[in-house]
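For reference, the structure is listed below as structure tokens.
Nothing in this text is a laboratory measurement; each read-out follows from the coordinates by a stated rule. Predicted model only: the values in this text are computed from it and were never measured. Quick reminder, even Gly has a Cβ in these numbers, built from the backbone with ideal geometry, and neighbours come from all protein chains shown.
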């Protein structure tokens, strides 16, 4: 049991720590100190649902539906490009972190909606959680749910540290120049992720 939990946590962290759209958005919300708790909760709960679905066998079912994979792929590309271009536009503006916070998500619903879109419309999330973690869990037989629990612990630890850790760093990044650099890095990261997703053959997802 303990071996399965540790293995799930280790693999979960190795997949989730890579900077992508979901992590980048959470980092931004943390720096802005805007609705960090609900966004962290959305990221964690989404991962738990996806990991559980993969361990339950959803990965094989999804892989057999190329039309669904195609729709998810290009929907994800569109969402990522839109978000990346918005970050690039923000980088071009000379404003403070406080001013940026004032233009951020006006309500928790808006913040949660963006987090959901960047999570559930990004096929890479399915590759990591449903397919890869789901496949890895099968090696643990009856202990596969302990493995899933370990992966869920990884999500809990990482998203909490990223969101609330960024909030504590916000005071160091109040100057307009610093915030422009951050937005520029966010824009580049998101657009690179979108380009890689667009270039990923569906065979990888299957």
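For a modelled paramagnetic label at residue 139, 7 Å from Cα along Cα-to-Cβ, the residues of the range 5-46 in reach, with backbone nitrogen under 18 Å, are 5-16.
Compared with the alpha-carbon gap, the fully stretched path from residue 85 to residue 153 is longer by 21.2 nm at 0.36 nm per residue. Estimated from the Cβ-Cβ distance and a Förster radius of 30 angstrom, the FRET efficiency linking residue 188 and residue 13 is about 0.80. What the Cβ-Cβ distance of residue 49 and residue 198 gives, at R0 = 25 Å and to the nearest 0.05, is a FRET efficiency of 0.45. Note on residue 92 and residue 41: the model spin-label points, each 7 Å out from Cα along the C-beta direction, lie 3.7 nm apart.
I'd like to compare 183-195, 22-34: which one has the highest average count of other Cβ atoms within 10 Å, and what's the full order after that?
So the peptides 183-195, 22-34, ranked by packing, come out 22-34, 183-195.
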